[in-house]
Amino acid sequence: MNDLKFALRQLLKNPGFTAVAVVTLALGIGANTAIFSVVNAILLRPLPYTDPDRLVAVCESNPRLGWHQYVTSMGAYVDWRRQNSVFQRLAAGTVLGPSPLFGKTEAELVRVAAVSSDFFPLLGIQPILGRQIAFEEENPDRGDVVLLSEGLWRERFGADRGVLNRSVRLGDRSFTVVGVMPASVKLFDPAGVQGWDNGFSKCDLWRALPVDSGLQKARSYRAFLVLGRLKPNVSIAQAQTEMTNIARQQAREYPDSNSGWTITVQSWQNTVVRNVRLSLVLLCGAVGFVLLIVAANLANLCLARAASRQKEFAIRLTLGAGRLRMARQFLAESLLLSGLGGAAGLLFARWSIRLLIGLIPATVPRTDEISLDSRVLGFTFATSLVVGLLFGLAPLLAFWRSDVNGFLKPEARGSAGNRGGRRLRASLVTSQVALVMILLTGAGLLTRSVRRLYEVNPGFQPEHLVALDVSIGGPGYTNEFHRIQFVEQLLARLSDLPGVESASAVDGLPLDAGRGNMDIALTSIEGSPPATPGEKLVAVQRLVSPGYFRTMGISLARGRFFTGRDNTNAAPVVIINEALARRYLPGRDPVGKRMGSPDFGPQPCEIVGVINDVRQGSLDATPEPEVFRPLLQECFSGITIVARSASAPTQTFAAVREAVAGVARSWPAYNPRTLDRLVSASLAPRRFALELMGLFAGLALVLALVGIYGVLSCVVNERTREIGIRLALGAQRREVLRMILIRGMRSVAVGGLIGVAGACALTRFLRSLLYEVSPNDPFTLGVVVLLLVIVALAACWLPARRAARVDPIVALRCE
């Protein structure tokens, strides 16, 4: 306690030093606490289920086609459930999309999913009212039951407990409410699982999945996510081995649909966070570098302060204080200082977390769980303790073996006799420069990568384009003919809207991350080279109305666009993209050729046009083969209306909603968005990483600049007498200026060389976040080196200029 009291008095006697040290620590510790709170919530905290470490995602995969995790078919799910011996439960689910829920007043659009009877029991979630879906209700004849979310129950039904066994009309069918699920239910969309439509995490209502239905025979129809709970003492590796054997058996039994397919078993938590794990780990490394720079700065400050107190330390040692006793005093001061910095860092972190949540892309899961919980507080305490020890050891290392008698001599001012302290300060500056070099290089690479992505042509013109989704259903739209009529009537209304230049319909927009691709197998392509054994011809299918390509600004390479005559009375036709032509018809003119697929029906389709490639999945993804079919020949129950208008988006949204209501009032348009926003959202993950990496690199650069300036200022103060003697003996002021500049830039040069080597080694981990930029990009390294040299010269110039202006008479008057 005496040590702490004395340390507190010392800090209060030096308010300038204390303020600078606490602010520096608050920045470093606060930034680390804020990032750790994000990592803790998203990566480290277990999922909110019973025994979450036993939950796995069971998916199909086809490595040859580049599908490493794909949703599965109903038939495969039933086989897995019957044949496996490693899972306690297996459950399946799928997103059905929004559907109108009818009540006493107008219909309300609710988000619907279908789940098997084991789904919520597998997660360990019990209803707050009523019961779960029963096993026998997986039969379509008995499956007209639904579970409500607590939010829907309270808002739509006024938290009426009598809602159980009540009949509600959902779309064109009536269902019986059997239970209400708690608001604490948290469901997640799997990251990186292909063929999956996002929306599972925001469902309002769950229907019984028709497992015992004709879907079991459609083994090529893959649309279901399967979760499993491992039996106790069964590992993921054991489950993977058994499921691989089951996959081989299915490939033998169903070669047409399962040849080339296998099964993957992966942790459900890893599947949920896969797309953000690397970015968060890299940001942890970046903010850790900032903390090391903070520790180096504080070590330099403590060394400078210890140099001014070296005579005091010498007297203490002479009067009998042991070196361990002095070490305890050093550490008491540093730990007290780091404790104050940690407390201030918590306040800074609390403000930073709100900023971070605003920057995190909407696709990142579990952001609502980010908080300063006990684990985060423990991390802050441990960080403060470690940093306090790190910068508290610096003066100990400098003065541990020092000559006490040398410090008591009148001429031993500053640390002129302490070469160890000077070397340690120089090495700390070198390490700071190296760390800053690595951070700046990472930020520079991400900047160039994002800039390249902004320059990518998406293949369409997103300006002035708006989109809304429409689900087509109800008693009047029970078959495809009625749905096509709906589309024709709606497009006719939209074409008459004032300010709307053109409008069309499609079943999936480019860069729309909320919808999975519909991949189809092509059985034949006229004129295509013979396929290699086992090779499958695959393409993404989209249904589009006449005028879609003109509305989107997609250019035609060959042939023609669809017209109103491409309807159910005409021969089936398709338009392909250039990627399909390059892969399957190299060097041939595709127009006029025919191609077949089970999804086309018994009759092959004629290729009538080739469009230029469109970036459908993401701006950095290589365009995949695509097939476009007329929406007037086949129409699904969900479409997207896209309109080009010079009016404000809000006005266009209102006009489109009114047009949809004029055709079918009970099926409103929803999910309004602009195509500009979709393009921007596709860059959000990289932009998030860039913004934080740039912020940390900038903070590190400022701290390094302060560190270089502080060290050279100490050098000038310590060598003022020497500089005065040099000038008195005839040295030129420019020589003194050059001497101090060389002294400062020597450490910068060594740190820069180490930093370049470190950047070349560590930036390879950024490879997956880069686009058309090498991790060792020479231009980026050159710019970073130039920036660092300029900043270092600025930091060295002021102390050097002050040294050159030393008055010899003033410097030597004490002699």
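Here are a few things to note about the model shown:
- The relative contact order of the chain comes to 16 percent, based on Cα pairs under 8 Å that sit 6 or more residues apart.
- Amide H to amide H, with H built 1.01 Å from N, Gln266 comes under 5 Å of Ala57, Cys59, counting only residues 5 or more places away or on other chains.
- Placing +1 on the Cβ of every Lys and Arg and -1 on the Cβ of every Asp and Glu, with nothing else charged, gives the chain a dipole about its Cα centre of roughly 4320 debye.
- Heavy-atom accessible surface of Glu772, to the nearest 10 Å², is about 120 Å², with a 1.4 Å probe and all protein chains retained.
- Local electrostatic count at Leu335 - Lys and Arg +1, Asp and Glu -1, tallied over other residues with Cβ under 14 Å: 0
- The chain: angle of helix 74-83 to the longest principal axis, Cα-based, in degrees nearest 10: 70
- Between the listed residues Gln633, Ser618, Ile607, the Cα displaced farthest toward the positive end of the dipole of region 598-642, a dipole computed from Cβ unit charges relative to the Cα centre, is found at Gln633.
- More than 25 angstrom apart: percent of Cα pairs within region 680-815: 44
- Summing +1 for each Lys or Arg and -1 for each Asp or Glu among the other residues whose beta-carbon sits under 10 angstrom from that of Leu769 gives +1.
- Neighbours of Phe600 by Cβ distance under 12 Å: Lys/Arg scored +1, Asp/Glu scored -1, total -1.
- Charge dipole magnitude, Cβ of K and R +1, D and E -1 - region 230-350, Cα centre, debye nearest 20: 760
- 5 angstrom amide H check on Val145, placed H, neighbours 5+ away: Thr176, Ala208
- Projecting the Cα atoms of Thr568, Leu346, Ser682 onto the charge dipole of the chain (Cβ charges, centred on the Cα centre) puts Leu346 farthest toward the positive pole.
- Antiparallel content of DSSP bridges confined to region 573-694, in %, to 5: 45
- Of the residues Ser213, Ala251, Leu225, the one whose Cα sits farthest toward the positive end of the charge dipole of region 169-272, with +1 on the Cβ of Lys and Arg and -1 on the Cβ of Asp and Glu, is Ser213.
- With all projection directions averaged, the alpha carbon convex hull of the chain covers 43.6 nm².
- Crossing angle, helix 480-495 versus the chain [Cα axis fit, 0-90 degrees, rounded to tens]: 60
- Helix-derived mean residue ellipticity, 222 nm - over the chain, DSSP H n ≥ 4, -39500 (n - 2.57), to 500: -16000 deg cm²/dmol
- Aspartates and glutamates whose Cα lies under 19 Å from that of Lys202, excluding same-chain neighbours fewer than 8 positions away: Glu108, Glu150, Glu155, Asp189, Asp368, Glu369, Asp469, Asp512
- Nearest-ten-degree value, helix 733-762 long axis tilted from longest Cα axis of the chain: 30
- Straight Cα distances below 19 angstrom link Lys231 to the aspartates and glutamates Asp51, Asp53, Asp79, Asp118, Glu242, with same-chain residues fewer than 8 positions distant left out.
- Under DSSP loop assignment and at most 16 Cβ neighbours within 10 Å, longest trypsin sites (Lys or Arg not before Pro)-free interval of the chain: 666-804
- In this structure the amide hydrogen of Arg558, modeled in the peptide plane, comes within under 5 Å of the amide hydrogens of Val610, none closer than 5 places in sequence on its chain.
The values are calculated or read from the model by the stated rules, or taken from the named source; none is laboratory data. Values in this document were obtained by computation on a predicted structure and should not be read as measured data. Here the Cβ is made from the backbone with ideal geometry for all residues, glycine too, and neighbour counts use every protein chain on show. Ligands, DNA and RNA are excluded from the accessible area calculation, which covers all protein heavy atoms including side chains. Shrake-Rupley method; radii C 1.70, N 1.55, O 1.52, S 1.80 Å.
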